[in-house]
Structure formats: C-alpha cells, structure tokens
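Everything below concerns the one structure shown next.
The values are calculated or read from the model by the stated rules, or taken from the named source; none is laboratory data. Quantities reported herein were computed from a predicted structural model and do not represent experimental measurements. Glycine gets a Cβ as well: all are built from the backbone with ideal geometry, and neighbour counts include every protein chain shown. To get the accessible areas, we keep the full protein, side chains included, count just its heavy atoms, and leave off ligands, DNA and RNA. Shrake-Rupley method; radii C 1.70, N 1.55, O 1.52, S 1.80 Å.
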Amino acid sequence: MVVLIGEKTKLLTKFVKWEMDVALKLGLPIIGVNLNGARRRDERCPPAIRESLAIYVPFGVKIVEYAMANWPDSHAMYRKEGQTGPHYYTDQPYKNLGL
C-alpha cells in the first residue's frame, strides 16, 4: 500500500485511516511517501501507521518505484523476524538512483 503523506493526511480519520487499518490487518507492505521530500517518518505521519512496519521515502518517481520493487520482500523478512516500526533507506539506494 502506498500512502501519500501530506500536510493534512494525519487528520483524515475516516477513509484514509480505514484503508491503513485494513492494510495493517491484512499484513500488506506499507510505503509512506512524504510529499514534503522527507526521507524519514516525520510529524505528518498518520497515527494509524506511525509505529507500524513501513518504509518512508520522499515523493519522486525513482525512489517510489524502488520502494515498490524492493519493500515487499524486505517487509516479509522483517515481519517474519518480528520487527516493527518505521524503516528508511540509507543514502546508497538514493545515490544508485542518481538522487
């Protein structure tokens, strides 16, 4: 699941929260895409996924495509290990993508 995180996303408590709750219940990989360009989870992150297993990336085609291609396998591995909480890519994938 890709969650676009903007200024007011954390305030959307009807459908957006419901969608995130369903994704968590189904164990779907979550990619938080920060519209403000942040590479990490920040204060705009919705409470529903704040402490959940998710990867956070800035808004941009290359890094979102990278996350969509790579995060599902990493998510499955982390879930199997019992890990939770926010995850971030190191600088290396960004450099490899020319970002």
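Annotations for the structure displayed:
- Residue under evaluation R39, criteria (1) over 19 Å from G6 (Cα atoms); (2) under 11 Å from the mean Cα position of the chain (by Cα), criterion not met: (1)
- Any hit, segment 52-59, residues being open to solvent by less than 20 Å² (accessible area, probe 1.4 Å), modelled with pLDDT of 95 or more and on the phi > 0 side of the Ramachandran plot: no
- Filtered residues of segment 72-99 (kept if open to solvent by 50 Å² or more (accessible area, probe 1.4 Å) and at positive phi): G82, G98
- Of the criteria (1) among the polar types (S, T, N, Q); (2) open to solvent by less than 40 Å² (accessible area, probe 1.4 Å); (3) farther than 25 Å from D91 by Cα, which one T13 fails: (2)
- Remark: R50 falls outside the filter, which requires a residue to be basic (K, R) and touching a Gly at 6+ places or on another chain (Cβ under 7 Å).
- The single condition among (1) over 26 Å from K10 (Cβ atoms); (2) crowded, with 18+ Cβ neighbours inside 10 Å; (3) not acidic (D, E) that A69 does not meet is (2).
- Considering residues of segment 18-39 that are at pLDDT 95 or above and touching a Pro at 6+ places or on another chain (Cβ under 7 Å) only, the residue least open to solvent (accessible area, probe 1.4 Å): N34
- Members of segment 2-42 found to be in contact with a strand residue (DSSP E or B) (Cβ under 7 Å, 6 or more places away or on another chain) and either in contact (Cβ under 8 Å) with a residue 60 or more places away in the chain or more than 11 Å from Y56 (Cβ to Cβ) (or both), listed by number: V2, L4, M20, L35, G37
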